[in-house]
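The values are calculated or read from the model by the stated rules, or taken from the named source; none is laboratory data. Owing to the predicted nature of the structure, the values given are computational and were not obtained by experimental measurement. Heads up, the Cβs are rebuilt from the backbone with ideal geometry, glycines too, and the neighbour counts pull from every protein chain shown.
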Amino acid sequence: MKNTIVEVPFGYNLKGKKKGQRNDRDYIRETTVTVGIATPDADEAPVALVWHRRGRWGDEGYQHSPREYRVCGSRLYRPVEFENGYDKPDSQAALTEVLEAVATRDDCAANLLQSGARRSWWDYEPKLNGALELGNALIVSSSEEDAVAAEIRRKAEKLIVVDGKVYDVTSEPMYVVTNGRFQHRLGAEVVPLHAIEPPMDVAKHFRADQLPEVLETIASRFSRRGLDFDPENPASFVEYVPDWIEVREGFEHVLTYRHDQTPQLLAAVARALGYLGKTLSEQPIPVLLAFGELRDAAARSEPGAVIADRAEVLSDALSAHAFEAKLLREEVEKWRMAPVAHAPAVAAPKP
């Protein structure tokens, strides 16, 4: 695999003083570091996933270009894109514009290797000139040069260039069922896995190959509308799922996420126990016993099956209309319907 060699200029902060001074002062110096950006051909970094996207806010007047995720080695990469306003599609970063921004140290989105002190800072020039005036007379006590150079190398290591276009390493895309951006109705959005705050919820978070399950979840919330979604026909669901993922044949293996509902169950248990603890002195003996068993099981980090059983006992002991009982019943039901943790998900139809 080829590398694109890039010489990256940067500024870095340092502290120092000249002979005779008592205290250190802040200065800036400039230097360069040479990095390599992996530049595979299309066969070495094939397209594994395609993210089909409508216009921002559901505009019908235009569409963003499909976002192609490529796999290279064991990593997944997504295009580096720039927003061009609300009335224009996003554009993918070209290597030429990135190199130009890096060479001129522009403080802009295209400068993907920017790190350290920035020229746009109001005190950049005074600190730089101060260091230049002192030259070798400056006694340096601490410097960020090595740290900034290492950060630039890390940034370069996360990039690849294919056919002149720049891609950045990413986590796999997920469907998140939430209140839709469009007219405040329920819908699903595509979100990278690393951007989702845990715990994961089987009723809300879905892998990229689980579009049928996403549509089924949305349809069940609107059962009165009689929604008829067809996973093979985007026109049937685009109002509710405006962005969708196509998994290319033979690349199902890039979807490595395996769901575990136990953290979500534990979070709900902690919430229920917290609320119930405020009125524990008013509860009957069966509730007290069930409360203690569930609390102790959670504290011992018992398996999810044990936690679910104890939570079910407590919900049955409580009044059927109690908030804690409803919460526990809902979470136990979701835990029981969730796939076994770490078990591979069954591939679903792709649009």
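Some values worked out for this structure:
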| read-out | value |
| --- | --- |
| Breaking point among (1) over 30 Å from LYS17 (Cα atoms); (2) assigned to a loop (DSSP other than H, G, I, E, B); (3) at pLDDT below 90, for TRP57 | (2) |
| Breaking point among (1) outside any helix (DSSP H, G or I); (2) more than 30 Å from the chain's Cα centre (by Cα); (3) of a type in the set (S, T, N, Q), for SER301 | (2) |
| Whichever residue in the range 241-266 is of a type outside the set (S, T, N, Q) and in a helix (DSSP H, G or I) and, among such residues, is surrounded by the most Cβ atoms within 10 Å (Cβ to Cβ) | LEU265 |
| Residue among VAL269, VAL238 that is in a loop (DSSP other than H, G, I, E, B) and aliphatic (A, V, I, L, M) | VAL238 |
| From the options SER74, SER115, SER65, residue that is without any contact (Cβ under 8 Å) to a residue 12 or more places away in the chain, out of contact with any His (no Cβ under 7 Å at 6 or more places or on another chain) and either of a type outside the set (D, E, K, R) or surrounded by fewer than 16 Cβ atoms within 10 Å (Cβ to Cβ) (or both) | SER74 |
| Checklist (1) within 14 Å of LYS165 (Cα to Cα); (2) touching a helix residue (DSSP H, G or I) at 6+ places or on another chain (Cβ under 7 Å) applied to LEU113, failing item | (1) |
| Any hit, the range 10-29, residues being aliphatic (A, V, I, L, M), in the same structural domain as GLU144 (by TED's automatic domain parsing) and either part of a loop (DSSP other than H, G, I, E, B) or modelled with pLDDT under 90 (or both) | no |
| Selected residue (criterion: modelled with the highest pLDDT) from residues of the range 232-260 that are aromatic (Phe, Trp, Tyr) and under 21 Å from the mean Cα position of the chain (by Cα) | PHE251 |
| Hits in the range 206-235 (condition: part of a helix (DSSP H, G or I) and touching a Leu at 6+ places or on another chain (Cβ under 7 Å)) | ILE218, ALA219, ARG221 |
| Residue selected from the range 188-231 under the condition surrounded by fewer than 19 Cβ atoms within 10 Å (Cβ to Cβ) and basic (Lys, Arg), by the criterion nearest to MET337 (Cα to Cα) | LYS204 |
| Any hit, the range 275-292, residues being in contact (Cβ under 8 Å) with a residue 40 or more places away in the chain, touching an Asp or Glu at 6+ places or on another chain (Cβ under 7 Å), in a helix (DSSP H, G or I) and among the aliphatic types (A, V, I, L, M) | yes |
| Filter pass, ALA110 being assigned by TED's automatic domain parsing to the domain that holds VAL98, in contact (Cβ under 8 Å) with a residue 60 or more places away in the chain and in contact with a strand residue (DSSP E or B) (Cβ under 8 Å, 6 or more places away or on another chain) | no |
| Number of the condition not met by SER315 [criteria: (1) at pLDDT 90 or above; (2) in a loop (DSSP other than H, G, I, E, B); (3) of a type in the set (Ser, Thr, Tyr)] | (2) |
| Residue satisfying all of: in the range 16-35; crowded, with 17+ Cβ neighbours inside 10 Å and under 15 Å from ALA137 (Cα atoms); farthest from the chain's Cα centre (by Cα) among these | LYS17 |
